[in-house]
């Protein structure tokens, strides 16, 4: 599972959880709220392992060496239970009722003072399911701790939120995301900056992007467009636009990369400083793009990218949106 010291960022949340461990005043319910990939499960698992650790002494962190830690780190601790829902998009009332029944069973391990449940996707509970959980939150067994994980705290009933300690996770500073990618994932620094820019301070998403073949192919295709579009005839531009329109799941990523590119172009025109750019590995191409476009032209393109995103959200035909955008990129 891992210890608090293994976690990147979230210092404020970790400090709060360590204060709980240090004082021994553990609540029966915590609600971890944050975007997908933000680290909710990592924090919950570290908290659970720390509470079950038998070798931590006075330190408010798991030792990583005792039998309980070894069980936790191999996902085999009998009293740290991740409660999965049967259907992919629904945390049903039946799932909750089964959980409530299991909570009544005392901890299995002799060394366990707690029986800890981690509940991913808590926002998928409908009102009936949340109400089925309510009595357990109001009158839990003294050993039970529920760690609810949600991407949307507002999806939880106020009666649920009010009975939980709410931990709102904040984005991790970009430099820490880049440092982790370089040091732990062996990603070149110039690539780490791209992943960090796309992930928007979300370490989990950044790590996922590093191993995504679809994302890498998207980047290769986007850079081909950006570096060659000025020389393409209209027929080629339209063909490329139609191909992009078919990649609906990736269109947002294309628009983000186009935005990063043209902001770097604008920055290079203004300061001619490659070190300030995100796409440092493409400095030669960006220098050439800066020579071929005026300030007004780049501003027009950036506005067109923003407008394209709004049109796609408004369900304007993707093919038309991408044709207009790529023609604007070519002509400015």
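The values are calculated or read from the model by the stated rules, or taken from the named source; none is laboratory data. It should be emphasised that the depicted structure is a prediction, and the values quoted were computed from it without experimental measurement. Reconstructed Cβ throughout: ideal geometry from the backbone, glycine too, with neighbour counts over all protein chains shown.
Odds and ends about this structure:
- Filter result (more than 26 Å from the chain's Cα centre (by Cα) and under 16 Å from residue 243 (Cβ atoms)) within the stretch 302-317: 317
- Some residue of the stretch 160-176 being in a helix (DSSP H, G or I), farther than 25 Å from residue 323 by Cβ, out of contact with any helix residue (DSSP H, G or I) (no Cβ under 7 Å at 6 or more places or on another chain) and outside the structural domain of residue 130 (by TED's automatic domain parsing): yes
- Counting only helices (runs of 4 or more DSSP H) that sit completely within the stretch 18-108, those holding 3 or more residues that are farther than 13 Å from residue 147 by Cβ and modelled with pLDDT of 90 or more correspond to 67-73, 93-103.
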